[in-house]
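Participant: Provided herewith is a single structure, encoded as structure tokens, for subsequent inquiry.
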Amino acid sequence: MRNRKRVMLGGAVVLVAALSAVLLWPAREAPAPSGPGVSPAPDPRPASVTAAQVSPKRAVTVRTPDPAPPHATVVPPAPGDVPPEPEVANAPPQANDPIAEEQPQTARWRLEKTEHIATLLGRDVSRLEGERQEAKARGDKVRVEQVDAMLQRHRVRLDELREEARTLADAARNEPPEP
């Protein structure tokens, strides 16, 4: 119970310190306007008033957003570009294109996808074999071991995909033709 009171007291002290720091933090001053024909606004306080007599009040400045951030890249529109139409307040919403129905995932479809994945994995195995030869030629034993491990995993997965493709090919032959 005693520790809880200490924690609560410590939290209150931290909260008061943070609030006082925020309230006493010096306010930013707005940059003075510059340019031809612009003169700074005169101080409305009489000259006899000193800084110590003025109460510290914060001046609230409203800043308009920049047209583009300084780090933004502005690209001029190309001849074929069409800008989007602005939204109208009471206009009905635009109709979206209809969504095509999902195709049935038949054995033929699965076979096609499995063969595609096997082709991509075969390319990856070929690339890794070349990378292994290069690492071996450089004498980089660590990289050779890494590539060997990846090759082993890829070859096992490739064998699994080929076996799956064989079973799917049998199922696709026995499947009725698509309408």
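Participant: Quote the Stokes-Einstein diffusion coefficient, in whole µm² s⁻¹, for the stretch 108-164, based on the Kirkwood radius over alpha carbon pairs, a temperature of 4 °C and a viscosity of 1.567 mPa s.
Facilitator: 107
Participant: Given R₀ = 45 Å, what would the calculated FRET efficiency be for residue 21 paired with residue 74, taking r from the Cβ atoms and rounding to 0.05?
Facilitator: Efficiency at R0 = 45 Å is approximately 0.65.
Participant: Can you work out ³J(HN,Hα) from phi for every residue in the stretch 88-97, in order, using Karplus 6.51 cos²θ - 1.76 cosθ + 1.60 and θ = phi - 60°, giving whole Hz and x for Gly and Pro?
Facilitator: In residue order, the calculated couplings are 9, 4, 10, 7, x, x, 6, 7, 7, 5 Hz.
Participant: Could I ask something else about it? Using per-residue counts of other Cβ atoms within 10 Å, averaged over each peptide, order 130-141, 113-124 from highest down.
Facilitator: 113-124, 130-141
Participant: Students often check this: by mean Cβ neighbours within 10 Å, which of 81-94, 7-20 ranks highest, and how do the rest follow?
Facilitator: In descending order of packing, they fall as 7-20, 81-94.
Bear in mind that the values in this text are calculations on the coordinates, not laboratory data. This structure is a prediction, so every number in the text was calculated from the model and none was measured. Heads up, the Cβs are rebuilt from the backbone with ideal geometry, glycines too, and the neighbour counts pull from every protein chain shown.
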